[in-house]
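The values are calculated or read from the model by the stated rules, or taken from the named source; none is laboratory data. Bear in mind the structure is a predicted one, so any value in this text is a computation, not a measurement. Here the Cβ is made from the backbone with ideal geometry for all residues, glycine too, and neighbour counts use every protein chain on show.
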Amino acid sequence: MKEEKGIIADNRNIGGDFFLTKIKAPYIAKNSIPGNFVMIAVSNSNDPLLKRPLGIFNSEPPFIYIYYETVGKGTDLLSKKQKNDAVDLIGPLGNGFPIPPENEKVLLIGGGRGIAPLFYALNRLRSDNLIYTVYGASNRNSLNFTNEIEVLNPGRNYFYTDDGSAFSKGFVTSEIDKIANNTDAGIIFSCGPHAMLKSLSKITSRLGLKNHTSLEARMGCGFGVCHSCVVKDSAGNYKKVCVDGPVFDSEEVDWETLK
């Protein structure tokens, strides 16, 4: 972890409220792994005071990429950043996805913005592992990067939209039993809305599959000091998403306490 002055290299609207930001941050780019995140200062003033946690979508040293949706003041301010603007960063933060054994088949399951750490994992793992991607969103306008995923992983992808406006109609969890059986995947990486992850956890537990899931949470600091991102685990203890996660074994999460 390190504080670093990042420089905006590109900040592109890719449709609707979704943006892809390219930031020159050599240290973070070199030292990050899939599943890590950064804390970004979205303003040069004290409004808003706190940095925003955002997952790393990809790393091409000296650059990192951040994929996000403008859902509040912080992300709206970030979307207005221009090329060559400076931003204060802290990262890489959190623990990432584990490195699977060589030749292990990996199933990536993402919902909406949850594709971010999984796209990074796809880039990093595809040379040593057979990867299958299951990715869905509410509609066509929210389902980004399908072309890029097809280029990286041709013929081994399952895409869904809730409303059927693109690809197959349904949820990413709709056909997991069949997909897991057809692919014979030994390990799962997942990220998405908590409701999706809760449903997925029940399925993977029933199937006896190891599911490493990345959680989102509100954060104040990003490195374990403020205790604002705690979640309850299945043993009744509290874990900090920022340092104990964001990637957890799905069996360890008390899904009933998450909203």
Residue within the stretch 112-127 that is in the same structural domain as ILE176 (by TED's automatic domain parsing), in contact with a Ser or Thr (Cβ under 9 Å, 6 or more places away or on another chain), basic (Lys, Arg) and under 22 Å from LEU200 (Cα atoms) present: yes
Restricting the stretch 214-223 to residues that are modelled with pLDDT under 95 and surrounded by 15 or more Cβ atoms within 10 Å (Cβ to Cβ), the residue that is nearest to the chain's Cα centre (by Cα): GLU216
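Name the residues in the stretch 132-144 that are outside any strand (DSSP E or B), among the hydrophobic types (A, V, I, L, M, F, W, C) and either in the same structural domain as PRO34 (by TED's automatic domain parsing) or in contact (Cβ under 8 Å) with a residue 40 or more places away in the chain (or both), would you?
Step one: filter the stretch 132-144 for residues outside any strand (DSSP E or B), giving 138-144.
Checking which are among the hydrophobic types (A, V, I, L, M, F, W, C) leaves us with 143.
If the condition is that a residue be outside any strand (DSSP E or B), among the hydrophobic types (A, V, I, L, M, F, W, C) and either in the same structural domain as PRO34 (by TED's automatic domain parsing) or in contact (Cβ under 8 Å) with a residue 40 or more places away in the chain (or both), then no residue fits.
Just to be sure before I move on: is LEU89 surrounded by fewer than 15 Cβ atoms within 10 Å (Cβ to Cβ) and either over 16 Å from the mean Cα position of the chain (by Cα) or modelled with pLDDT under 95 (or both) in the structure I sent? Break it down into steps so the answer makes sense when it comes.
Values: surrounded by fewer than 15 Cβ atoms within 10 Å (Cβ to Cβ): no; either over 16 Å from the mean Cα position of the chain (by Cα) or modelled with pLDDT under 95 (or both): yes.
The answer is no for LEU89.
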Conditions (1) without any contact (Cβ under 8 Å) to a residue 60 or more places away in the chain; (2) of a type in the set (Gly, Ala, Ser); (3) in contact with a helix residue (DSSP H, G or I) (Cβ under 8 Å, 6 or more places away or on another chain); number of the one not met by GLY111: (1)
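So, in the stretch 92-108, of the ones that are part of a strand (DSSP E or B) and touching a helix residue (DSSP H, G or I) at 6+ places or on another chain (Cβ under 7 Å), which residue ends up surrounded by the fewest Cβ atoms within 10 Å (Cβ to Cβ)? Quick ask: steps written out before the conclusion?
Of the residues in the stretch 92-108, the ones part of a strand (DSSP E or B) are 92-93, 95, 105-108.
Filter once more, so that each one left must be touching a helix residue (DSSP H, G or I) at 6+ places or on another chain (Cβ under 7 Å): 92, 105-108.
Details: PRO92: 24, LYS105: 16, VAL106: 25, LEU107: 25, LEU108: 29.
Applying the filter and picking the extreme gives LYS105.
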Hits in the stretch 189-210 (condition: in contact with a strand residue (DSSP E or B) (Cβ under 8 Å, 6 or more places away or on another chain) and of a type in the set (A, V, I, L, M, F, W, C)): PHE189, CYS191, MET196, LEU197, LEU200, LEU209
Residue match in the stretch 66-76 (condition: over 19 Å from ILE8 (Cα atoms) and in contact with a strand residue (DSSP E or B) (Cβ under 9 Å, 6 or more places away or on another chain)): yes
ASN147 at pLDDT below 95 and part of a helix (DSSP H, G or I): no
Any hit, the stretch 179-198, residues being of a type in the set (Phe, Trp, Tyr), crowded, with 17+ Cβ neighbours inside 10 Å and either in a helix (DSSP H, G or I) or at positive phi (or both): no
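Quick check: is even one residue across the stretch 155-164 part of a strand (DSSP E or B), within 18 Å of GLY110 (Cβ to Cβ) and touching a Cys at 6+ places or on another chain (Cβ under 6 Å)? Break it down into steps so the answer makes sense when it comes.
The first filter runs over the stretch 155-164 and keeps only residues part of a strand (DSSP E or B), leaving 157-161.
Now restrict to residues that are within 18 Å of GLY110 (Cβ to Cβ): 157-161.
Applying the additional criterion that residues be touching a Cys at 6+ places or on another chain (Cβ under 6 Å) yields none.
No, because not a single residue in the stretch 155-164 is part of a strand (DSSP E or B), within 18 Å of GLY110 (Cβ to Cβ) and touching a Cys at 6+ places or on another chain (Cβ under 6 Å).
For (1) closer than 21 Å to ILE99 by Cα; (2) surrounded by 19 or more Cβ atoms within 10 Å (Cβ to Cβ); (3) in contact with a Phe, Trp or Tyr (Cβ under 7 Å, 6 or more places away or on another chain), each residue gets a yes or a no:
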position	(1), (2), (3)
SER32	yes, yes, no
GLY35	yes, yes, yes
VAL38	yes, yes, no
SER45	no, no, no
ARG52	no, yes, no
ILE56	yes, yes, yes
TYR68	no, yes, yes
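Can you find a residue that is in contact with an Asp or Glu (Cβ under 7 Å, 6 or more places away or on another chain), surrounded by fewer than 22 Cβ atoms within 10 Å (Cβ to Cβ) and assigned to a strand (DSSP E or B) anywhere in the stretch 115-131?
Taking the stretch 115-131 first, the residues in contact with an Asp or Glu (Cβ under 7 Å, 6 or more places away or on another chain) are 128-129.
After this cut, where a residue has to be surrounded by fewer than 22 Cβ atoms within 10 Å (Cβ to Cβ) as well, the list is 128-129.
Those still in the list that are assigned to a strand (DSSP E or B) too: none.
No, every residue in the stretch 115-131 fails to be in contact with an Asp or Glu (Cβ under 7 Å, 6 or more places away or on another chain), surrounded by fewer than 22 Cβ atoms within 10 Å (Cβ to Cβ) and assigned to a strand (DSSP E or B).
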